[in-house]
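Q: Quick one: the structure is below, questions incoming.
Bear in mind that the values in this text are calculations on the coordinates, not laboratory data. Given the structure is predicted, the values throughout are model-derived calculations rather than measurements. All Cβ positions, glycine included, derive from the backbone under ideal geometry; neighbour counts span all protein chains shown.
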Amino acid sequence: MKHQLLLSAASLALVLAAAPAFAAETATPATANTEVDAVIVIGQGQSRQVQTLKDDSISLEAAGTSPLKAIDKLPGVTFQSADAFGAYEWSARISIRGFNQNQLGFTLDGVPLGDMSYGNHNGLHISRAITNENIGRIDLAQGAGALGVASTSNLGGTLQFFSRAPSQDFGGQLNVTGGSDQMHRVFGRVDSGAIDALGGLRGYASVATQKTDKWKGGSEQKQFQYDLKAVLPVGQGELTAFYNGSQRREQDYQDLSFSLIKRLGRDWDNVQPNWGLAVAAARAYQTNTALPAPYTTVDDAYYAGAGIRDDQLYGLGLKMPLTDKIKLDATAYGHTNEGQGLWYTPYVASPGFGTAGSTAAPLSIRTTEYDISRSGLTAGLTIDLGAHELTGGFWTEKNDMNQARRFYAETAAAPSRNSLQFQENPFFTQWQYRFETETLTGYVSDTWTINDALKVNFGFKAMKVTNNVQRIAGNPLAGEIESENSFLPQVGVVYKVMPDLEFFGGYTENMAAYVSAATSGPFASQNQAAVDYIAKTLNPETSKTIELGARYRTDRFQGVAALYHVTFEDRLLAASTAAPILGLPAVLSNVGGVETSGVELAGEYKLTDNWSLYGAYTYNQSEYQDDVLNGSGVVVARTAGKEVVNTPKNIFKGEVKF
């Protein structure tokens, strides 16, 4: 069995960056006696493994760096990307304790971001939801998020992002960044400060623009963002409004297999701007003649690929004490998205190719197009009954998503379209479907402080998600499928042995809802009989997580150690039958389970008032429990007992902070 070792670059060099904060999910103000100018805070009293990365640490990353890359320093986290900033969305991948990105939960100020996958059907990536400089805090729960987190995908951990509050004082911020590959970025923010004439209203507006050439291959990647936020004091509470927008244009890097790297090198990429080579390869495929060098298959490289996304995310939140014992926290939100993911495909020629006198190219542009409109409401109450603190709430969302596969013509002599613009006037729509997803979750919990040393919590979450599909073009497809579970428990305990030392433990069950899309999930087959069969036989994925750990803190040292075991059941696998660019449907089925066990260690030692050392180590063992079988029970992949892919077994991280 091959043992993988991932060594963080931070452990090989002295990095002037802040270490993470071990904190509760609800941030508490730092105090002069306990925080000692550090951005590390061990949040005592949590029955789960939870850390917080504060804005002090986030801001030390280069401007424009993905917040996902910033949390890579935390235990249990693995982040990968094809660019230096971790901002290229197609390649950016985060995994936690063996769970992939689409098996985690993500929110921004309580607003759900969906599973944050590239072809997201129910949300958007954090890099489009808010400008990096406006993120004030990131809370990571590696194993089990809080019951109130608005997510239907968090089999594993949760990442909760929180925006910076508008300043009480008038002021501004300007960041200018430049680098190699013509990289440049400008961020500007203006804070109004508290306006007494408007009841203490304060707000900010920010704009960011970023652009860089690819570090290999042709073309560029760029993004324009704007964020608006206002806070109005209302009695002892506050009313918050926000509106964030993003326009993202990314030219893709070619996906590389080990065989491609071995044959063509790691600098191999799509061939843009060499239009002649792309046309020659496509013509060879269309006419069944020899491919030009260095191609051995037409999938070695395409002319180009790109991702185009326009998003608007907005909401209105209210935090208000209803009495001295009852607090309300509610947010209404909306999100719209228009997007295209495109490739220059040699498999489909433009109309007229091969006809005498035609200018048509032997290739065309193939798109997957997205149109999302969703709205929802999250609300929660906290009731203080002395020894008992009761919490309860709900989340409801309605999501309309249109998805289509279309083809656009090109000319043989030279490209006639800009791949970083929305394509118009298709010559063929292969399929188009409308998906409606209705989500309703609710939760209740009780935290019982038995005495000064012992605290226990118990609660559960209920969830129902209904996915509906309607055909607009393509294969006939209609119907709905539900994911439902009325009892997903969470129980935990915290025991404080002494002021500096506490032990914690917890158990959590979670379920992931089905995906509403034509390219993933139960509808990806685009076959009515298959969907009908799946609706009757398929089970949603579930997980059961156990955590045990200890936290220790003195004036100079603070650290955490955690053991965990996760049982992941009814794993879903969509098996494709051809190269992805062909767009042939995948067949979804339950293929067994995964068992994961591991240990996480992290700590900071304060050398002096100005210097400190931070280190983290994770050991993770994730194994498939079953072979993959086809519908007839025949083994098609012997995976039982093998390590889960993209899951490093050992992860070391370290930083020096000044």
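Q: Listed here are the pairs 398/642; 222/319; 319/606; 69/262; 496/653; which of them are more than 31 Å apart at the Cα?
A: Listed pairs above 31 Å: 398/642; 222/319; 319/606.
Q: Give me the angle, in degrees from 0 to 90, between the Cα long axis of helix 528-537 and the longest principal axis of the Cα atoms of the chain, rounded to the nearest 10.
A: Once rounded, the angle reads 30 degrees.
Q: Please compute, over every Cα-Cα pair in the chain, the percentage with a separation greater than 31 angstrom.
A: 55
Q: Okay, next question. Over the Cα atoms of segment 241-371, what radius of gyration and what Dmax do you get, in Å?
A: Calculated on Cα positions, Rg and Dmax stand at 23.5, 83 Å.
Q: Ok, one more. Suppose every Lys and Arg Cβ carries +1 and every Asp and Glu Cβ carries -1, with no other charges. What dipole size does segment 171-657 come out with about its Cα centre, to the nearest 20 debye?
A: Here segment 171-657 has a charge dipole of around 960 debye.
Q: Would you mind checking which residues have amide H under 5 Å from residue 183's amide H? H placed 1.01 Å from N; only 5 or more apart, or other chain.
A: Counting only residues 5 or more places away or on other chains, the set is 213.
Q: Now a separate question. Using helices alone, I'd like the mean residue ellipticity at 222 nm for the chain: each DSSP H run of four-plus residues gives -39500 (n - 2.57), total over residue count, nearest 500.
A: -1500 deg cm²/dmol
Q: So how much slack lies between residue 209 and residue 429, counting 0.36 nm per residue of separation and subtracting their Cα-Cα distance, in nm?
A: 75.8 nm
Q: Choose one of 150, 613, 341: the residue whose Cα lies farthest towards the positive end of the charge dipole of the chain (beta-carbon charges +1 Lys, Arg; -1 Asp, Glu; about the Cα centre).
A: 341
Q: Set the Förster radius R0 to 45 Å, insert the Cβ-Cβ distance between residue 632 and residue 484 as r into 1/(1 + (r/R0)^6), and round the FRET efficiency to 0.05.
A: Between residue 632 and residue 484 the formula returns 0.95.
Q: Next question. Enter the Cα centre distance for the pair segment 169-203 and segment 489-535, rounded to the nearest angstrom.
A: Distance between centres, Cα-based: 38 Å.
Q: Would you please state which residues of segment 437-461 a label at residue 387 would reach in this model, taking the label point 7 Å out along Cα→Cβ and a backbone N cut-off of under 19 Å?
A: Flagged as within label range: 445-459.
Q: 7 Å from Cα along Cα→Cβ at both residue 450 and residue 552: what's the point-to-point distance in nm?
A: The modelled label-to-label distance comes out at 2.4 nm.
Q: Further, regarding this structure: Taking amide H positions as placed 1.01 Å from N in the peptide plane, with prolines and chain starts having none, which residues 5 or more places from residue 118, or on another chain, fall under 5 Å of its amide H?
A: HN-HN under 5 Å from residue 118: empty list.
Q: Relative to the longest principal axis of the chain, what angle (0 to 90°, nearest 10) does the C-alpha long axis of helix 275-287 take?
A: Helix 275-287 and the main axis of the chain meet at about 60 degrees.
Q: Would you kindly state how much longer the chain becomes between residue 462 and residue 475 on full extension, computed as 0.36 nm times their sequence separation minus their alpha carbon distance, in nm to one decimal?
A: Gain on extension, residue 462 to residue 475, equals 1.2 nm.
Q: To check my understanding: the extent here is largest minus smallest coordinate of the Cα atoms along each principal axis. What are those three numbers for segment 373-438, in Å, largest first?
A: 77, 23, 13 Å, listed from the longest principal axis down.
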